[in-house]
Amino acid sequence: MKIEMEKVFKPCEIEEKWFSFWDEKGYFIANNKSEKEKYTIVMPPPNITGSLTMGHVLNNTFQDIIIRMKRMQGYEVLWLPGIDHAGIATQNVVERELAKEGKTRFDLGREEFLKRVWKWKEKYGDLILKQLKKLGVSCDFSRTRFTMDSELSEAVIEAFVRLYEKGLIYKGFYIINWCPRCTTALADDEVEHREIVGKLYFIKYPLKEGGFITVATTRPETMLGDTAVAINPDDKKNKHLIGKIAILPFINREIPIIGDEIVDPEFGTGCVKVTPAHDRNDFEIGERHGLEKVIVMDIFGKMNENAGKFKGLERFEARERIVKELEEMELLSKIEEYKHSIGECYRCHTIIEPYLSEEWFVRMLPLAEKAIAAAKNKEIIFFPTSYEKNYYNWLENVRDWCISRSIWWGHRIPVYECEKCGNIMVKRKTPKECVKCKSKKIKQEEKVLDTWFSSWLWPFSTMGWPKETEDFKKFYPTDTLVTGWDILFFWVARMIMAGIEFTGKVPFKNIVLTGMVRDEKRRKLSKSLGNSPDPLDLIKKYGADGVRFSMCLITPEGQDVLFSEKKMEIGRNFANKLWNASRLLFLNYENEISFDKNKLYIEDKWILYSLDELIKNVTKDLENFAFVDAAWKCYKFFWNEYCDWYLEFIKDRFKDKEKKKYALYIAFYVIEKFLRILHPFMPFITEEIWQKLPFPDKKESITISEWPAPSGFSYKEEYEDFEFIKKMITIIREIRGEYNIPINQKLNLFLRWLGSSSKKNIFIERIEEIKRLSFINEVEFIDTPIKKCAFATCEGVEIYIPIEGIVDIEKERKRIENEIEELKKHVNKIKKRLMSEDFVQKAPKEIVALNEKKLNEFNEKIEKLKIYLEHL
RNA sequence: GGGCGGGUAGCUCAAUCUGGUGAGAGCAUCGGCUUCACAUGCCGAAGGUCGUAGGUUCAAAUCCUACCCCGCCCACCA
């Protein structure tokens, strides 16, 4: 029975097939009957509105690698997929849809709008999970969760109530980051800062007693809300003004000039307009001095009734108008160019307005302290470790977390107010009546919770917490989290805090942080730049395996990845190489293979030794989440050892039916183990090939096969011997390359064997293969040197290749002279070292010996080259 | 201002923690090859005073100090 294989590996045909096979067999479902240890990975839930990005590809590939290895190692694994409801983003998407119909969410009303969002969710919400499947992720889709599921929502409410009852949640008026487009508050870390060249306006405020005071501002429109001017009390130039009264233009409000130390006398004029309702610092000044807080804008960023005649203008229009009118009134003393940074909404990139608003906050300090302690006690380990410092740095300076959002899509805050007596109730279930006055008129807080307030519970809310479910008992706390470093604070640190606070346990042991995927110019991938490839296109073109393996190969640990489509070729080419190497074996396979330890050749032992090393190293690397190292080791083993040397070497044996039996056995044996090692990286192609392998008692699928262990043969010596043969062949090839002798021009080889005689025996044993691989016609052993040859030495063996008529003897002379020069340089270095008494006395014996050995070796080589040069 | 990371071949990175073999890969470049698994391939070559200056050491890409660049995060920014 011949096994047919196409010349070029076509991934698309097999990916669908194998994924459904595994899925139907339920291999990914955590098997509750297993008695083995469990292993859990927390999948970062992708955003419901998003589609698959290269970032997802990267960290999901890594997660899949771990989970597949652990599954093969016999752990009971759980990798639970899910999506988060992405409050602001989703609401934006649906609002945009509505806008096409000419409607706003207010036209629909809260209830109808939410129905609309749910409808949208049902339609598009699982797109990203479908896309992830194409990548081959082996998560347990039967346990898919969504942050707005009723169980998860219960968890959110539970968490809120518990924190509130502990006094860790409070409500208050503060300056928050307001996005006028999304009409909601944002947490500090949801604001992206961008440096711009803006303008600094110098505005003269008339003094009540006559004269002016000049203030500087980048946001003139906020002046309408000014309630003071502040000066540093130590500012000699200006302090005489403190206590006087200024008159606010347009509004004609009398505002005091006050002293406050926060003011930098060196900046601008040294006088600061104070707008407590529109600036965080000004707010603090306002608190210290008991100033009035005048809000001049509405939630859409339009000037309100406090803005006098500017009412109704959009904030930037108002700015222009105000500047123009100030100029006409001769109250604008100058405008300077000024570089400063502005905050933008991370969802819609609208400029953030610092805004006074009543919001809900979580006190972070008590939570942060425990999270720091957990890392210090090594209950949490970071990969790479350097991120631990960032983690401490953030937690030590943590600020309270603004968790309320003035949008509709999300978990509505479980706070209820009695409309009759004003009693505030924080309840798990909507109260039917006021506990105080029994009134049935109760209204719930309008605001919803920040999406992260549900995500930070993800590791346990997905397992049924607060209920003590079987899953929760078994799989929590989890083992590993793999995610990008960009959400270390947003999400990772908060999950740790939540885990400790609500379950008393850190939610995971290992945190593996991956870099960001960027383009070759180090820019972030983004749709607007057009540098963001569609992973699904890449998968179509290079195969899921190709993309996965390429990403592993090009991603330095914890550092950013510079992506280019060209780089995807590495993985695809490797898949093809793997395919064709297998093809070679199958083409030669005739239903007969067998194993006999006594019939192993030197190259068999060499590859077996090498395979054992690979298994040990890759297992170790993967256990340390060193995916790149592991992937490169697989790559090099297979391509540069198994294909380039082993397969090339054993081909001769395929011609003899008897020898082929044994050769093929080892070839299949090695590839079989290698496929299992490679399977976590390239799940599809490994399965496809593995299924064809002629080992009758293998498992039904490679996915549930055992993770390989070293075979334990000890062939270290044979390994070295074969390395010598490789070196001989390489040297001969180098000579040929040096003279550009085409390989179809056969050369003869003369060897003066002054090296090890056991190696000579091995050499003679495999002489046919060696001749073939070094493109040599005849080999002859000689006792005396011969002239007019290309010459080289290898471990004492003198190599002569007659070159007369093929190349210039002068060229050979030069080549050898160069070689001698090179060697002399090193010899001198080593000599110098060895001549130093300090070195000989102080350096470790092995090092001295090594140097001596090298020196001898080099000198010997030089001598030989010199002698040869003389009689060339 | 606070913190983190980096500077090694034209490009992207190993090796640095734990000092010691002729500093290694991949891509790009150059030369040779249609050898019956693979041109998504095979065989070779060229390319590096390891950011700069000191120091420690028998020995420094590796440790220490200073400096120069580059990137990132946090805070501030009237």
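The values are calculated or read from the model by the stated rules, or taken from the named source; none is laboratory data. No experiment lies behind these values; they were computed from the predicted model shown. Cβ sites come from the backbone with ideal geometry, for glycine too, and all protein chains shown count toward neighbours. Ligands, DNA and RNA are excluded from the accessible area calculation, which covers all protein heavy atoms including side chains. Shrake-Rupley method; radii C 1.70, N 1.55, O 1.52, S 1.80 Å.
Report, to the nearest 10°, how far helix A:627-636 tilts away from the longest principal axis of the Cα atoms in chain A, using its own Cα long axis and a range of 0 to 90°.
Taking Cα atoms only, the helix is inclined about 20 degrees.
Could you estimate the translational diffusion coefficient of the range A:770-872 from the Stokes-Einstein equation, with Rh from the Kirkwood formula over C-alpha pairs, at 20 °C and 1.002 mPa s, in whole µm²/s? Don't skip to the answer; put the middle values down first.
Numbers: Rh = 15.7 Å.
D, rounded to a whole number, is 137 µm²/s.
How high is the FRET efficiency from A:W753 to A:K814, r the C-beta distance, R0 22 Å, rounded to 0.05?
FRET efficiency, A:W753 to A:K814: 0.20.
Can you give me the accessible area per residue for the range A:61-127, using a 1.4 Å probe, in Å²?
On the way: 2720 Å² over 67 residues.
Here the per-residue accessible area is 41 Å².
Counting alpha carbon pairs within less than 8 Å and at least 6 residues apart, what relative contact order, in whole percent, applies to chain A? Don't skip to the end; give the middle numbers.
On the way: 1452 pairs, mean separation 109.1, N = 872.
In percent, rounded to a whole number, it is 13.
Beta carbons within 10 angstrom, averaged per residue: use that to sort the peptides A:104-117, A:280-293, highest first. Spell out each step's value before the answer.
Numbers: A:104-117: 14.6, A:280-293: 17.0.
Output ranking for A:104-117, A:280-293: A:280-293, A:104-117.
Please state the equivalent ellipsoid semi-axes for chain A: what are the square roots of 5 times the Cα gyration tensor eigenvalues, largest first, in whole Å?
Details: eigenvalues 967, 271, 115 Å².
Values for chain A, descending: 70, 37, 24 Å.
Calculate the dipole size of the range A:1-83 relative to its Cα centre from +1 charges on Lys and Arg beta carbons and -1 charges on Asp and Glu beta carbons; express the result in debye to the nearest 20. Could the numbers behind the result be given before it?
On the way: 11 positive and 11 negative charges, 45 e Å.
Its charge dipole is roughly 220 debye.
As a check on your grasp of the helix formula, calculate [θ] at 222 nm for chain A: sum -39500 (n - 2.57) over DSSP H runs of n ≥ 4, divide by the residue count, round to the nearest 500. All intermediate terms of the calculation are to be shown ahead of the outcome.
Working: 27 runs with 360 residues, N = 872.
About -13000 deg cm²/dmol.
Counting alpha carbon pairs within less than 8 Å and at least 6 residues apart, what relative contact order, in whole percent, applies to the range A:266-306? Show your work: numbers first, answer last.
Values: 37 pairs, mean separation 10.8, N = 41.
Answer for the range A:266-306 is 26 percent.
Out of the DSSP beta bridges found with both residues in chain A, what percent are antiparallel (nearest 5)?
Working: 65 of 93 bridges.
Within chain A, antiparallel bridges account for around 70 percent of the total.
Using +1 at the Cβ of each Lys and Arg and -1 at the Cβ of each Asp and Glu in chain A, identify which of A:L367, A:Y646, A:T183 lies farthest towards the dipole's positive end.
My answer, from the dipole projection, is A:T183.
Please list, by residue number, everything in the range A:425-468 whose backbone N is under 14 Å from a paramagnetic label point 7 Å out along Cα→Cβ of A:K171.
Residues A:425-427, A:442-449 qualify, since their backbone N sits under 14 Å from the label point.
With +1 assigned to the C-beta of every Lys and Arg and -1 to the C-beta of every Asp and Glu, and no other charges, what is the dipole magnitude of the range A:753-863 about the Cα centre in debye, to the nearest 20? Could the numbers behind the result be given before it?
Working: 22 positive and 23 negative charges, 102 e Å.
Computed about the Cα centre, the dipole is about 500 debye.
In nanometres, what is the gap between the two model label sites at A:K36 and A:E320, each 7 Å from Cα along Cα-to-Cβ?
For A:K36 paired with A:E320, the spin-label model returns 6.8 nm.
Could you tell me what percent of the accessible area of the range A:154-208 is made up of carbon and sulfur, with a 1.4 Å probe and every protein chain present? Could you put the intermediate results ahead of the total?
On the way: 1130 of 2280 Å².
Carbon and sulfur: 50 percent of the exposed surface of the range A:154-208.
In the range A:725-855, carbon and sulfur make up what percent of the accessible area (probe 1.4 Å)?
Numbers: 3870 of 7720 Å².
On the range A:725-855, the fraction of accessible area on carbon and sulfur atoms equals 50 percent.
What nm value, rounded to one decimal, do you get for the distance between A:E327 and A:K636 when each label is placed 7 Å out toward the C-beta?
Rounded to a tenth, the inter-label distance reads 6.7 nm.
With +1 on the Cβ of every Lys and Arg and -1 on the Cβ of every Asp and Glu, and nothing else charged, how large is the dipole of the range A:475-528 about its Cα centre, in debye rounded to the nearest 20? Don't skip to the answer; put the middle values down first.
Numbers: 9 positive and 5 negative charges, 62 e Å.
In debye, rounded to 20, the range A:475-528 gives about 300.
How large a share of the accessible area of the range A:232-278, in percent, is made up of carbon and sulfur atoms when the probe is 1.4 Å and the other protein chains stay in place?
The C+S portion of the solvent-accessible surface of the range A:232-278 is 52 percent.
State in Å² the accessible area per residue of the range A:708-808; use a 1.4 Å probe, count heavy atoms of protein chains only, and round to the nearest integer.
On the way: 4970 Å² over 101 residues.
About 49 Å² of surface per residue is accessible.
What is the distance, in nm, between label points placed 7 Å from the Cα along the Cα-to-Cβ direction at A:E569 and at A:K698?
Taking the two extended label points, one gets 3.1 nm.
So, by mean Cβ neighbours within 10 angstrom, what's the order for A:296-303, A:318-325 with the highest one leading? Could you put the intermediate results ahead of the total?
On the way: A:296-303: 19.6, A:318-325: 17.5.
By packing density, highest mean first, the sequence is A:296-303, A:318-325.
If you take the beta carbon distance between A:H289 and A:H826 as r and set R0 to 56 Å, what does 1/(1 + (r/R0)^6) give as a FRET efficiency, to the nearest 0.05? If you can, show how the numbers build up before the last one.
Numbers: r = 77 Å, r/R0 = 1.38.
The calculated FRET efficiency here is 0.15.
Which whole-number percent gives the relative contact order of the range A:26-98, counting Cα pairs below 8 Å spaced six or more residues apart? Show your work: numbers first, answer last.
Numbers: 68 pairs, mean separation 35.2, N = 73.
Contact order relative to length: 48 percent.
Give the calculated FRET efficiency between A:T430 and A:N306 to the nearest 0.05, with a Förster radius of 56 Å applied to their Cβ-Cβ distance.
On the way: r = 36 Å, r/R0 = 0.65.
Once the sixth-power term is evaluated, E becomes 0.95.
What's the extension gain from A:K443 to A:N393 if we count 0.36 nm per residue and subtract their Cα-Cα distance? Mind showing how you got there, number by number?
Values: separation 50, 0.36 × 50 = 18.00 nm, distance 4.09 nm.
Length gained, A:K443 through A:N393: 13.9 nm.
Which value, in Å², gives the accessible area per residue of the range A:220-325 when a 1.4 Å probe is used on the protein heavy atoms?
Working: 4790 Å² over 106 residues.
Spelled out: the 1.4 Å probe surface of the range A:220-325, per residue, equals 45 Å².
Can you return the aspartates and glutamates within cross-link range of A:K334? Criterion is Cα-Cα under 14 Å, with same-chain partners fewer than 8 residues away left out.
A:E325
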